[in-house]
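K.L.:
Below is the structure I would like to discuss, written out as structure tokens.
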Amino acid sequence: MRLCAWYLYGEKHRGYALNPVANFHLQNGSVLWRINWMGDTSPRGIGASCGMMVNYRYFLEETASNSALYLGSKQVRASEEVLALVSQFQQNSKL
């Protein structure tokens, strides 16, 4: 879960999210909201993402500012839950 949070939040290509689905949602102003362990147990889900599924949440009054923040400053908006996982990853990682 921590590694997944870091991958979605912290791994970048030219400053933007490395994951194309994350990049799509973040460009459109979403918040990286929740990571669901075994959220997709189909064979494709297990093969593509180890069964993890991610929720992106759109707060309509914040989409324009979130999009501008991501596109301009390359900052990802994320929930406290996701940020806690990112922090745990950073504390325990040897990368």
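K.L.:
Using a 1.4 Å probe on the protein heavy atoms only, what accessible surface does Met53 show? Give it in Å² to the nearest 10.
P.N.:
For Met53, solvent-accessible area is about 80 Å².
K.L.:
Where does each of His25, His13 land when they are ordered by accessible area, with a 1.4 Å probe and the largest first?
P.N.:
Final ranking, largest accessible area leading: His13, His25.
K.L.:
Right, another one. Using a 1.4 Å probe on the protein heavy atoms, what percent of the accessible area of the chain belongs to carbon and sulfur?
P.N.:
Carbon-and-sulfur percentage of accessible area, whole number: 54.
K.L.:
Each residue of region 41-53 in turn: what ³J(HN,Hα) in whole Hz from Karplus with 6.51, -1.76, 1.60 and θ = phi - 60°, glycine and Pro shown as x?
P.N.:
So the Karplus estimates, Gly and Pro as x, are 8, 5, x, 5, x, 5, x, 7, 9, 6, x, 7, 10 Hz.
K.L.:
At what distance in angstrom do the alpha carbon centres of region 77-95 and region 1-69 lie from each other?
P.N.:
Cα centres, region 77-95 to region 1-69: 14 Å.
K.L.:
Okay, moving on. Given Cβ point charges of +1 (Lys, Arg) and -1 (Asp, Glu) and nothing else, what value in debye, to the nearest 20, does the dipole of the chain about its Cα centre take?
P.N.:
Using Cβ point charges on Lys, Arg, Asp and Glu, the chain gives about 300 debye.
K.L.:
What percent do you get for the relative contact order of the chain when only Cα pairs under 8 Å and 6+ apart count?
P.N.:
For the chain, the relative contact order is 35 percent.
K.L.:
Once you have the Kirkwood Rh of the chain from its Cα pairs, apply Stokes-Einstein at 10 °C and 1.306 mPa s and quote D in µm²/s.
P.N.:
The Stokes-Einstein estimate is 117 µm²/s.
K.L.:
Another question about this same structure. In whole Hz and in residue order, list the ³J(HN,Hα) couplings for region 18-27 that follow from phi through the Karplus curve 6.51 cos²θ - 1.76 cosθ + 1.60, θ = phi - 60°; x for Gly and Pro.
P.N.:
In residue order, the calculated couplings are 5, 6, x, 5, 4, 4, 4, 5, 5, 4 Hz.
K.L.:
Would you mind getting the accessible area per residue of the chain, heavy atoms of the protein chains only, 1.4 Å probe, in Å²?
P.N.:
So the chain comes to 64 Å² accessible per residue, rounded to a whole number.
The values are calculated or read from the model by the stated rules, or taken from the named source; none is laboratory data. These numbers come from a predicted model, not from an experiment. Methodologically, a virtual Cβ is constructed for each residue, glycine included, from the backbone with ideal geometry; neighbour enumeration extends over all protein chains shown. Side chains are part of the model used for accessible areas, which takes the heavy atoms of the whole protein and leaves out ligands, DNA and RNA. Shrake-Rupley method; radii C 1.70, N 1.55, O 1.52, S 1.80 Å.
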